[in-house]
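Peer 1: Here it is, the structure in full.
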Amino acid sequence: MDHFHRTGADGSDDLHVEGVALTAIAEAVGTPTYVYSRATLERHYRVMDDALAGLPHTICYSVKANSNLAVLGVLAKLGSGFDIVSVGELERVLRAGGEPAKVVFSGVGKRDDELRRALQVGIRAFNVESAFELERLEAVAAALGQRAPISLRVNPDVDPGTHPYIATGLRSSKFGVPMPEALPLFLRAAQSPHLRVVGVDCHIGSQIVEIAPLVDALDRILTLVDRLAEHGVALDHVDMGGGLGIPYRDEAPAPPDALGRAYAERLSPRGLELIVEPGRLIVGNAGVLLMRVLGTKGGALPGAGDDPTAQAATRFVIVDAAMNDNIRPALYGAWQAIEPVAGEVACRGDPAPVDVVGPICESGDFLARARPLPPLRRDDLLAMRSAGAYGFSMASTYNSRPRAAEVLVDGDLFAVVRQREDLASLWREERDLATFETALRSRGPT
Ligand SMILES: *Cc1c(COP(=O)(O)O)cnc(C)c1O
């Protein structure tokens, strides 16, 4: 059962999230607004958890996909762990009620203060991505009189078959340690009184729709695990990262249970625990971006040449959401479904291709290109689907646009879980010229 549907309790065919009509949310909160479904979040977590039921495992939800406190709270309540990439994400997890003992810390550049804080709260493992990080961590742990639990992020050099910006496990990538360097680094770490080797990890990319590259990566990692065992270094866990893809359009991602079986077959005989770090899989299809049409205008279609008759009556649909709200189309050429919220819009006429664009002064500011949509008018509500992951978490205030509101739906109820930013928040951290000059004067000549 899907929690985004057009079967309202009142018989309406407007788009609903669980028991709530998106029109009601737009009326109460305005647009643009991100809307998340709690039931969908919970269902996706359970699908992953069930898929791994055959082996000891911990799901460490990747916070960067969607770091809203309420979203983190829903997952913490289900017993989820968390994969973080900064001290900011760590503090969010703690604030949301997540257990530090289920946190793994990834990222190619961790500062000393970040390492220190994570050691103090007692995280499960540092996913160490370089020799220099290992040295820094050892020094920070020594200063605190602690032993840091480490897992080396290795780079298995497999091609996940995804967009180049989200492929992270190739030899040419900035992430992780190349396979040949991993063994000596592990052996060095195993000898340190301030480090405790607990695992090995990788994350080969995102929006992976086949299990073969992931299983291939695991096989390469297990070769390393076996060599470590020969040297007397035993691990507790293997962390296979995130990356499982979701259907945005007509992709048919491999089901998590097929992957779970392949993992269990390989890990169970070795008595290793599995950690996974799904982000998109949990939140991607649990959210929509709700927006309103500001107006439409004509223009020449691409390839129209000089023919003046090849001007579409409607070429552009201009909406109140933009690339600052959802940068995925501009950044990766990502395709996300867009549909009118009101069911009646579909009856207005045949769909024709339009570009759905925002108000930002960049040609790259589009949400969809040549997208067949029925005739649209000012004030129509549109929902951009699959917007729960890497939507709000990548939002900015470019063009001095306050960031959108976020709403969480739970059954027939909903509430704001992040207020729409107000205009003053755009410059709250800034100092105007008069304040700057006063500061200079009070400091005197230096
Ligand atoms: C981004 C990231 C993830 C999550 O990736 P998804 O594709 O959203 O599942 C997991 N682990 C690491 C290290 C990441 O950088």
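Peer 1: Before rounding to the nearest 500, sum -39500 (n - 2.57) across all DSSP H runs of length at least 4 in the chain and divide by the residue total; then give [θ] at 222 nm in deg cm²/dmol. Please list the in-between numbers first.
Peer 2: On the way: 12 runs with 127 residues, N = 446.
It lands at -8500 deg cm²/dmol.
Peer 1: Take the alpha carbon atoms of region 106-278, find their radius of gyration, then divide it by 2.2 N^0.38 Å using N residues; give the quotient. Could the numbers behind the result be given before it?
Peer 2: Numbers: Rg = 16.2 Å, N = 173, 2.2 N^0.38 = 15.6 Å.
It is 1.04.
Peer 1: Also, I was wondering about something else. What value does region 79-191 have for Rg/Rh, both radii from Cα atoms and Rh as Kirkwood defines it? Kindly include the intermediate steps, with their values, before the conclusion.
Peer 2: Details: Rg = 14.6 Å, Rh = 14.8 Å.
Using Cα coordinates only, the ratio equals 0.99.
Peer 1: Ok, one more. If R0 is 51 Å, what FRET efficiency do you get for ALA434 and ARG46 from their C-beta distance, rounded to 0.05? List each step's numbers first, then the result.
Peer 2: Numbers: r = 56 Å, r/R0 = 1.11.
Using R0 = 51 Å, I get an efficiency of 0.35.
Peer 1: Accessible area of THR314, 1.4 Å probe, to the nearest 10 Å²?
Peer 2: 50 Å²
Peer 1: Something else: Taking the chain as a Gaussian network, Cα atoms linked when under 10 Å apart, which of LEU75, LEU144, LEU289 shows the biggest mean-square fluctuation?
Peer 2: LEU144
Peer 1: Given 0.36 nm per residue, what is the gain on full extension from VAL121 to VAL108 after removing their alpha carbon distance, in nm? Please report the intermediate quantities before stating the final value.
Peer 2: On the way: separation 13, 0.36 × 13 = 4.68 nm, distance 2.07 nm.
Value of the extension gain: 2.6 nm.
Peer 1: What residue among ARG92, ARG270, ARG418 shows peak mean-square fluctuation when the chain is described by a Gaussian network model with Cα springs under 10 Å?
Peer 2: ARG270
Peer 1: Take the chain, mark every one of the GluC sites (Glu not before Pro) that falls in a DSSP loop and has at most 13 other Cβ within 10 Å, then report the longest stretch left between them, sites excluded. Walk me through the numbers on the way to the answer.
Peer 2: Values: sites that count: GLU251, GLU429, GLU430.
Free of exposed loop sites, the longest segment is 1-250.
Peer 1: Can you tell me what percent of all Cα-Cα pairs in region 177-243 are more than 14 Å apart?
Peer 2: Values: 1330 of 2211 pairs.
Distances greater than 14 Å cover 60 percent of the Cα pairs.
Peer 1: Please determine, in degrees from 0 to 90 and to the nearest 10, the orientation of helix 38-51 with respect to the longest principal axis defined by the Cα atoms of the chain, where the helix direction is its Cα long axis.
Peer 2: Around 40 degrees separate the two axes.
Peer 1: In whole percent, how big is the carbon plus sulfur part of the accessible area of the chain, probe 1.4 Å, protein atoms only?
Peer 2: Values: 10280 of 19710 Å².
Carbon and sulfur atoms account for 52 percent of the accessible area of the chain.
Peer 1: Kirkwood hydrodynamic radius, computed over distinct alpha-carbon pairs, for region 1-55: how many Å, to one decimal?
Peer 2: That comes to 12.8 Å for region 1-55.
Peer 1: Turning to a different aspect of this structure: I'd like the distance between the alpha-carbon centres of region 349-400 and region 204-259, rounded to an integer number of Å.
Peer 2: What the calculation gives is 34 Å, centre to centre.
Peer 1: Find how much the distance from ARG196 to SER363 grows on full extension, using 0.36 nm per residue of separation minus their present alpha carbon separation; answer in nm with one decimal. Please report the intermediate quantities before stating the final value.
Peer 2: On the way: separation 167, 0.36 × 167 = 60.12 nm, distance 5.06 nm.
Full-extension gain reported as 55.1 nm.
Peer 1: Can you spot the lysines whose alpha carbon is less than 23 Å from LYS110's alpha carbon? Ignore those fewer than 8 places along the same chain.
Peer 2: LYS64, LYS102, LYS174
Peer 1: For region 193-208, in order, what is each residue's ³J(HN,Hα) by Karplus, 6.51 cos²θ - 1.76 cosθ + 1.60 with θ = phi - 60°, in whole Hz (x at glycine and Pro)?
Peer 2: Per residue, the Karplus-derived 3J(HN,Hα) values read x, 10, 10, 10, 6, 10, x, 9, 8, 8, 8, 8, x, 10, 6, 8 Hz.
Peer 1: Percent of Cα-Cα pairs more than 24 Å apart in region 276-407, please.
Peer 2: Values: 2599 of 8646 pairs.
Within region 276-407, distances greater than 24 Å cover 30 percent of Cα pairs.
Peer 1: Something else now. Over the chain, what portion of Cα pair distances is larger than 30 Å, expressed as a whole percent?
Peer 2: Numbers: 49693 of 99235 pairs.
When all Cα pairs of the chain are counted, 50 percent exceed 30 Å.
Peer 1: Round to the nearest 0.05 the FRET efficiency obtained for ALA352 and ASP257 when R0 = 51 Å and r is the Cβ-Cβ distance. Working shown, then result.
Peer 2: Working: r = 41 Å, r/R0 = 0.80.
For R0 = 51 Å, the calculated efficiency reads 0.80.
Peer 1: Averaged over all directions, how much area does the convex hull of the C-alpha atoms of region 39-97 cover when projected, in nm²? Show your work: numbers first, answer last.
Peer 2: Details: hull surface 15.6 nm².
Result: a mean projected hull area of 3.9 nm².
Peer 1: Could you give log10 I(q)/I(0) at q = 0.10, 0.11, 0.18 Å⁻¹ for region 206-364, computed by the Debye formula over C-alpha point scatterers of equal weight, without solvent?
Peer 2: -0.59, -0.67, -1.15
Peer 1: Label GLU230 and VAL416 with points 7 Å out from Cα along Cα→Cβ: what is the distance between them in nm?
Peer 2: A separation of 6.2 nm, rounded to one decimal place.
The values are calculated or read from the model by the stated rules, or taken from the named source; none is laboratory data. A quick note: this is a predicted structure, and the numbers were derived from the prediction, not measured. Virtual Cβ from ideal backbone geometry, glycine too; neighbours counted across all protein chains shown. Quick note on the areas: whole protein, heavy atoms, side chains included, nothing else; ligands and nucleic acids left out. Shrake-Rupley method; radii C 1.70, N 1.55, O 1.52, S 1.80 Å.
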